[in-house]
1. Checking the condition aliphatic (A, V, I, L, M), farther than 30 Å from residue 185 by Cβ and surrounded by fewer than 22 Cβ atoms within 10 Å (Cβ to Cβ), which residue from 102, 148 passes?
2. Are any residues in the stretch 325-341 buried (at least 23 other Cβ atoms within 10 Å of the Cβ), touching a helix residue (DSSP H, G or I) at 6+ places or on another chain (Cβ under 7 Å) and assigned to a helix (DSSP H, G or I), and if so, which ones?
3. When the residues of the stretch 86-99 are filtered to those that are surrounded by fewer than 22 Cβ atoms within 10 Å (Cβ to Cβ) and in contact with a Ser or Thr (Cβ under 6 Å, 6 or more places away or on another chain), which remaining residue is nearest to residue 335 (Cα to Cα)?
4. Got a number for residues in the stretch 52-85 being open to solvent by 50 Å² or more (accessible area, probe 1.4 Å) and within 30 Å of residue 132 (Cβ to Cβ)?
5. Restricting attention to the stretch 344-364, and to residues there that are open to solvent by 10 Å² or more (accessible area, probe 1.4 Å), more than 18 Å from residue 109 (Cα to Cα) and in contact (Cβ under 8 Å) with a residue 24 or more places away in the chain, which single residue is nearest to the chain's Cα centre (by Cα)?
6. Can you tell me which residue in the stretch 132-158 is farthest from residue 93 (Cα to Cα), limited to those that are among the hydroxyl-bearing types (Ser, Thr, Tyr) and in a strand (DSSP E or B)?
7. Can you list residue pairs whose Cβ atoms sit under 8 Å apart, with the first residue in the stretch 372-386 being within 9 Å of residue 357 (Cα to Cα) and outside any strand (DSSP E or B) and the second being of a type outside the set (Ser, Thr, Tyr) and open to solvent by 10 Å² or more (accessible area, probe 1.4 Å)? Count only pairs 6 or more apart in sequence or on different chains.
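The values are calculated or read from the model by the stated rules, or taken from the named source; none is laboratory data. The structure presented is a predicted model; accordingly, all values stated were derived computationally and were not measured. Note that each Cβ is placed from the backbone with ideal geometry, even for glycine, and that neighbours are counted across all protein chains shown. Quick note on the areas: whole protein, heavy atoms, side chains included, nothing else; ligands and nucleic acids left out. Shrake-Rupley method; radii C 1.70, N 1.55, O 1.52, S 1.80 Å.
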Amino acid sequence: MSRGAAAALLVLATLTAATLAAATINGVAPRAHARANLVLEGERLRVSAASGRVVRDAAATGRRALLLTGTGTARGRARVTAPARTTLVVRGSACAGAPRIALTIDGTRALTRAVKSARRYTSLSAAATLATGSHAIAVRLLNPHRGAGCRRTVRVDRLVLAPAPASSTTPAAPSTPTATSAPIWRPAPGISWQWQLTGTLDLTVDAALYDVDLFDTSAATVDALHRAGRHVVCYLDAGTYEPGRPDSADYPASVLGAEVEGWPGERWLDIRRLDLLAPIIERRLDLCRDKGFDGVEPDNVDAYANTSGFPLSAADQLAFNRFLAAAAHARGLSAGLKNDLDQAAALEGDFDWALDEQCYQYDECQLLAPFARAGKAVLIAEYELAPEAFCASARAAGYSAIRKRLDLNAWRQTCQ
């Protein structure tokens, strides 16, 4: 066997909506835990010795699991004959911090999550649905670490492929798009940009990236900007409720919290209630994708640091923001982290770029350095500082900084 083959995670499986067809992992048939689920046991997977090994584990099914210890990526293919959801069943060992694991489907990050459970296995579900056909799958431990008397690791018990809920049986839930192999556009560091959310959209601004309102911008306008060589990002409120939007009536009263300071009628959301919020947000992301946008700017993703009316934790916010990024990626959209500077380092691996307001005014721009170090675009908007007060620092950091008015009309001043 070649070294490359030994390093690969080999997954060959076939799944139907109601029954399991024949499937093998390295010539061995996986077992079904349920009539319609295909379960790929961790001990059947192959990985290089430098990145992991099979270990005995009484808590795992079959009493064995795949232990991931290094940075190597486990790769393979999964073949399904009906739309299927993917779930990783894992537990981790912390060492100067919790391990983080990533699941990639067809080159698109479908899941990035901290594995905080050490004693019990936990299920991590990807936002994307696998479409019928063959898909490339990769699993990776993102942050291996060895310290004094400890090692940061992840144990993979199994990968579960379960039929996606049929829309006919779940009419209230949005249809989740399939993972796609099409590359996601990501803005390059230093990109020129325009941010306009009010007034008649000025299509003549010389900027490579336009950030505009999801509902107020038509598909025809997005197409016109594309023909002019621009990329276009849709702005949407993710962590707050806005009255007067086309879908405002979809928000149940139970998720509406305190008013957002300075914005009458706008209210913080209980981001813990993804069972209620995810369908609404996913429908918005569907609209963003269907209008032809290249990415999404989800706003108000720092409720835990504000007076929201709910007892939200930093962990609640991380989970919500990672859901947003994964749901955007599942639709072929790049995702920008809006503000939430205190969690920027933790979320850099989930988001493709960052956008912040007034970080130079408040001396906080250094918190966005993880994005710059990762080669990702950082967009800065200042409202009160003159360009000469921040442009030199922005250029040195590789940030794309502009001055805007608070109402975010067409006016702007650039650092060029």
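1. Just one listed residue meets the conditions, 148.
2. 327, 328
3. Once the filter is applied, the top-ranked residue is 87.
4. 7
5. 357
6. 134
7. Cβ pairs passing all conditions: 383/357; 383/358; 383/361; 383/403; 383/405; 383/406.
A quick yes/no check of all residues on (1) closer than 22 Å to residue 209 by Cβ; (2) small (Gly, Ala, Ser); (3) more than 16 Å from the chain's Cα centre (by Cα):
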residue: 273; (1), (2), (3): no, no, yes
residue: 282; (1), (2), (3): no, no, no
residue: 288; (1), (2), (3): yes, no, no
residue: 297; (1), (2), (3): yes, no, no
residue: 307; (1), (2), (3): no, no, yes
residue: 319; (1), (2), (3): no, yes, no
residue: 324; (1), (2), (3): yes, no, no
residue: 329; (1), (2), (3): yes, no, no
